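Okay, so here's the structure we're looking at.
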Amino acid sequence: MSVATSESSQMHVEAWLPYNYTGRYVTTTNRGLGGCILYNEIDYTSSLGFASIGMNAGFNGSTAEPMLNNPNAIEDYAYRSVHTGTVAGKALTSAFYEAPARKAYYLGCSSGGRQGFKEAQDFPDDFDGILAGAPALGLARIVSWGAYLFQQVGEPSSDSFLPPELWAVVYDEVLRQCDKLDGAADGLLEDPDMCNFTPEVLICGKGGKEGCLTSSQAAAVRGVFSPFYGLDGKLLYPQMSPGINTRRLLPFYLDGNPSPLAVDWFRHIVYNDTTWDGRSFTLQDAATALAQNPFNVETWNGDLSAFASHGGKLLTYHGQQDWVIPPEISQLYYAHVARTMAKPPHELDEFYRLFFVSGMDHCRGGDGAWAIGQDLGAGAGKGSEENALMALVRWVEEGVPPEVLRGAKLAGDGATPEYWRAHCRWPKKNRYVGPGAFTEESAWMCE
Ligand SMILES: [Ca+2]
């Protein structure tokens, strides 16, 4: 479908309406700064019997270029496409099945995760249940954080730059210092907050040795794993999460090129200047981007009372190995909601539950038990005990909330579970207590 988002703009919406319809509607979303329909999400949710709607963000493509000098596209991206597409998708579902859907759900991660929180904040009646992963909350700040990270490591020719083999050494040292803090040397950090990483132990010293850091490189690593503060001295964005596996992959933030997210956003949204390239970035640019905050794309409203009072349930997860959007941003937003609504965790639990998933990269993949049923190919089961989407369905329809989020570590075939781990509901944290190997679910305790 083509759906108008204003008198002079439109979006594309696609519906997959299954024969095995369960009476459940779901909206699926977008990724990054682009606008594409995510067919794997429509495929996944329709296969589970949902009437599934996918939509672009008012434009197609995988960059922010269509937003250049185009406020309608920015408004669609910030919030309007999801809400407008959902209204249209629900109407279509109702017409096709000759009755309104019993319940309406939302599934999304990253940019899609942010869009889910946006719905909970600004369109609280759209959904009964929202599954939002690794949300890009604080969007007008994360773009500046990317520029900051590039400045920490510099260009490949600079003294501070670390080639991939040194980032591998850094990862090994993070594990040496922090892996056992959760009780198990399993290569996974259950609680990166406990990891006060000290990169200076890797400084070369007299004579030097293989795999050591210069002072400039140690400073770069410390900068990456330090919070990012603005001109006014206030926190703009949290640190990169220690425990991201820089032996397995080199995050694009650290590869010696200006952050693509920063370049894309400042060029096409903040300055409408396609020559801006990230090398000139200052804290003043960060302040400008945050002050601009077009159509409140920040998505930082801490009042979810309207969503809660209509009975909505928000289930959210964030990988502890997420190197695109640090998990700490989900923790900071949770704290913001708690203070704004004056509710401690046991009261937030009634409608808002946050789970950190050890060994999960950005939205999926990683070294641990990351397969929680968040998308096609990320599940080892379709029951509510092993699938986050179906756990949300049970919470909404039966009033039984998930106490833990169980994830599977998948074998090389990408399907067979090697082991399971029960991820804890924030602010509880997982600790290995034994007996049995770390691969035993029962050897861990949330406390
Ligand atoms: Ca560990």
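Just so it is clear, none of the values below were taken in a lab; they were calculated from the coordinates. Just so we're clear, the structure is a prediction, and the values are computed from it rather than from any experiment. No Cβ is skipped: glycine too gets one built from the backbone with ideal geometry, and neighbour counts run over all protein chains shown.
Charged side chains reduced to their Cβ positions (Lys and Arg at +1, Asp and Glu at -1) give the range 1-159 a dipole of some 340 debye around its Cα centre. Relative protection proxy for 148-155, 176-183, from highest mean packing down: 148-155, 176-183 (other beta-carbon atoms within 10 angstrom). Measuring r between the beta carbons of PHE295 and SER2 and using R0 = 30 Å, the FRET efficiency lands at 0.90.
Calculated translational diffusion coefficient of the range 224-320 (4 °C, 1.567 mPa s; Stokes-Einstein with Kirkwood radius over alpha-carbon pairs) equals 79 µm²/s. Out of SER358, SER94, SER309, any idea which swings most in a Gaussian network model of the chain, alpha carbons joined below 10 Å? Looking only at SER358, SER94, SER309, the biggest GNM fluctuation is shown by SER309. Here is the list for the range 1-104: trypsin sites (Lys or Arg not before Pro) lying in DSSP coil, each with at most 12 other C-beta atoms within 10 angstrom of its C-beta, are ARG102.
Cysteines in the chain lacking any other cysteine Cβ under 4.7 Å from their own Cβ: CYS36.
Straight Cα distances below 13 angstrom link LYS429 to the aspartates and glutamates ASP182, GLU190, ASP191, ASP193, GLU403, GLU447, with same-chain residues fewer than 8 positions distant left out. Taking a ≥ b ≥ c as the square roots of the Cα gyration tensor eigenvalues, the range 1-52 comes out oblate, since a/c reaches at least 1.5 and a/b does not exceed b/c. Residue-wise HN-Hα couplings along the range 308-320, as the Karplus relation 6.51 cos²θ - 1.76 cosθ + 1.60 with θ = phi - 60° gives them from phi, are 5, 6, 8, x, x, 10, 10, 10, 9, 9, 8, x, 6 Hz; Gly and Pro carry x.
Assigning unit charges at the beta carbon (Lys, Arg +1; Asp, Glu -1) and nothing else, what dipole magnitude in debye, to the nearest 20, does the range 141-294 show about its Cα centre?
200 debye
A simple spin-label model places pseudo-atoms 7 Å from Cα toward Cβ; at ALA342 and GLU98 they are separated by 5.2 nm. Pairs from the list LYS180/LYS409; LYS90/LYS343; LYS180/LYS343; LYS234/LYS313 with a Cα-Cα gap above 22 Å: LYS90/LYS343; LYS180/LYS343; LYS234/LYS313. In the chain, helices alone account for a calculated mean residue ellipticity at 222 nm of -9000 deg cm²/dmol, with every DSSP H run of four or more residues adding -39,500 (n - 2.57). Each of the peptides 359-365, 205-211 was scored by the mean count of other Cβ atoms within 10 Å over its residues; in descending order, highest first, they stand as 359-365, 205-211. Rounded, prolate or oblate for the chain? Axes are the square roots of the Cα gyration tensor eigenvalues, ordered a ≥ b ≥ c, and the cut-off for rounded is a/c under 1.5. Oblate.
Note on ALA91 and GLU385: with the Förster distance fixed at 41 Å, the Cβ-Cβ geometry gives a FRET efficiency of about 0.75.
Here the simple spin-label model places points 7 Å from the Cα toward Cβ, and for LYS180 and SER47 these points are separated by 4.3 nm. Ranking GLY154, LEU202, LEU235 by Cα position along the charge dipole of the range 141-294, where only Lys, Arg, Asp and Glu carry charges on their C-beta atoms, puts GLY154 farthest toward the positive end.
Below 8 Å, C-alpha to C-alpha, sequence gap of six or more: please give me the relative contact order for the chain in percent. Computed over the chain, the figure is 14 percent. Semi-axes of the equivalent ellipsoid of the range 141-294 are 30, 18, 13 Å, computed as sqrt(5λ) over the eigenvalues of the C-alpha gyration tensor in descending order. Listed peptides 380-391, 49-60, 254-265 appear in the order 49-60, 254-265, 380-391 once ranked by packing, highest mean of other Cβ atoms within 10 Å at the front. Remark: the chain carries a charge dipole of roughly 320 debye about the Cα centre, counting +1 on each Lys and Arg Cβ and -1 on each Asp and Glu Cβ. Have a look at LEU410, SER330, PHE59 and report the one farthest towards the positive end of the charge dipole of the chain, computed about the Cα centre with Cβ charges (Lys/Arg +1, Asp/Glu -1). Most positive-ward Cα: SER330.
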